[in-house]
1. So, residue 264, is that one surrounded by 16 or more Cβ atoms within 10 Å (Cβ to Cβ) and outside any loop (DSSP other than H, G, I, E, B) or not?
2. Among the residues in the stretch 306-315, are any over 20 Å from residue 14 (Cβ atoms) and crowded, with 24+ Cβ neighbours inside 10 Å?
3. Where in the stretch 124-235 are the helices (runs of 4 or more DSSP H), entirely inside, with at least 3 residues that are within 16 Å of the ligand (Cβ to nearest atom) and more than 17 Å from the chain's Cα centre (by Cα)?
4. Those residues that are surrounded by fewer than 16 Cβ atoms within 10 Å (Cβ to Cβ) and touching a helix residue (DSSP H, G or I) at 6+ places or on another chain (Cβ under 6 Å), I need them from the stretch 326-348; list them, please.
5. Could you figure out which of (1) touching a helix residue (DSSP H, G or I) at 6+ places or on another chain (Cβ under 7 Å); (2) more than 15 Å from the ligand (Cβ to nearest atom); (3) closer than 26 Å to residue 344 by Cβ isn't true of residue 293?
6. Given (1) out of contact with any helix residue (DSSP H, G or I) (no Cβ under 7 Å at 6 or more places or on another chain); (2) more than 13 Å from the ligand (Cβ to nearest atom); (3) modelled with pLDDT under 95, where does residue 256 come up short, assuming only one miss?
7. Quick check on this structure: which one of 229, 215 is assigned by TED's automatic domain parsing to the domain that holds residue 249 and closer than 17 Å to residue 50 by Cα?
8. Where in the stretch 1-100 are there helices (runs of 4 or more DSSP H), lying fully within it, with 3 or more residues that are at negative phi, surrounded by fewer than 21 Cβ atoms within 10 Å (Cβ to Cβ) and not assigned by TED's automatic domain parsing to the domain that holds residue 375?
Ligand SMILES: *Cc1c(COP(=O)(O)O)cnc(C)c1O
């Protein structure tokens, strides 16, 4: 394996985690994707085309914002990497544009994607529309009902949403269904997976497609901090893609890296090693190995597993993982709105909640803290209003 956050080992492992735990029928597809990604990522033409699309369509680079009022209140210097300002309102656009460009290069005409709350489905449908590809999004039947507006968004963008009625009828089952579709249609179809999870090469490929967040932020911080790096780099962790992309930019600096999970979906903090969706990682499981449902106020963090590289970063000690509970997340959601004029996604508010709790405690007064604001909170305001009523 390369240095900290280099490429995985030849077996697709980050330390003892990751790998390619798929049925035999999917092994050639994973292999083909691995080779295609390696070639594309080494090709300057592909990389510059991707950068250009992310600039003119995706709104990159996103700024780093100095939070003056909230910093004064917390006694630490707080900077936000503003993925909420990217097209479609979160970091997800970086990954889907990258994978869709790769799919087109591989001659694939069709995308399949899984979605839980709908954010990755909407982003995939967006990228498919941009490239003129057919797009099918698998979504648990329970989520289809809970997220009608996102279902309509995907359909508006030209995608077909297929409700999944197996298992718990949520995200975990949607991933299984998308994998099944991919096995059956691999000649024409690319599976656009939404986070740093699944079988190799996905955890590595998605992290590389999200590292633009960390690479930009590192340069922007150095400009703001007279050449220095932040003392702390903090991001929320669902599957772990915004955190992995952010951490990749700072892995070789002295910055302390902190991933914040939802207390009700804390695969690293409360999970055990196991195999799910083609990877070995930490999972929420009961004593007999049944996968448990994750529960959080933020649907985007409701995944019972976590990307394998995070399992490795936790085990090796390069990053630490903490949790935030719903109540403090809602407080942070309001606090950022009222002190900085930025309504954060509930997912991102987990990272903020940990900083609010630890400022002046684990985080010494005067330290500089970069938080990745993974998305904007417009999608969450109706839910929060109903909770506070
Ligand atoms: C999907 C999503 C997340 C969680 O996904 P990661 O892969 O952990 O980044 C976090 N924040 C926002 C705004 C999201 O849409």
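The values are calculated or read from the model by the stated rules, or taken from the named source; none is laboratory data. It should be emphasised that the depicted structure is a prediction, and the values quoted were computed from it without experimental measurement. Cβ: placed from backbone, ideal geometry, glycine included. Neighbour counts: every protein chain shown.
1. Yes.
2. No, the stretch 306-315 contains no residue that is over 20 Å from residue 14 (Cβ atoms) and crowded, with 24+ Cβ neighbours inside 10 Å.
3. Of the helices (runs of 4 or more DSSP H) lying wholly inside the stretch 124-235, those with at least 3 residues that are within 16 Å of the ligand (Cβ to nearest atom) and more than 17 Å from the chain's Cα centre (by Cα) span 148-156.
4. none
5. (1)
6. Answer for residue 256: the failing condition is (3).
7. 215
8. In the stretch 1-100, 27-41, 44-56 are the helices (runs of 4 or more DSSP H) which contain 3 or more residues that are at negative phi, surrounded by fewer than 21 Cβ atoms within 10 Å (Cβ to Cβ) and not assigned by TED's automatic domain parsing to the domain that holds residue 375.
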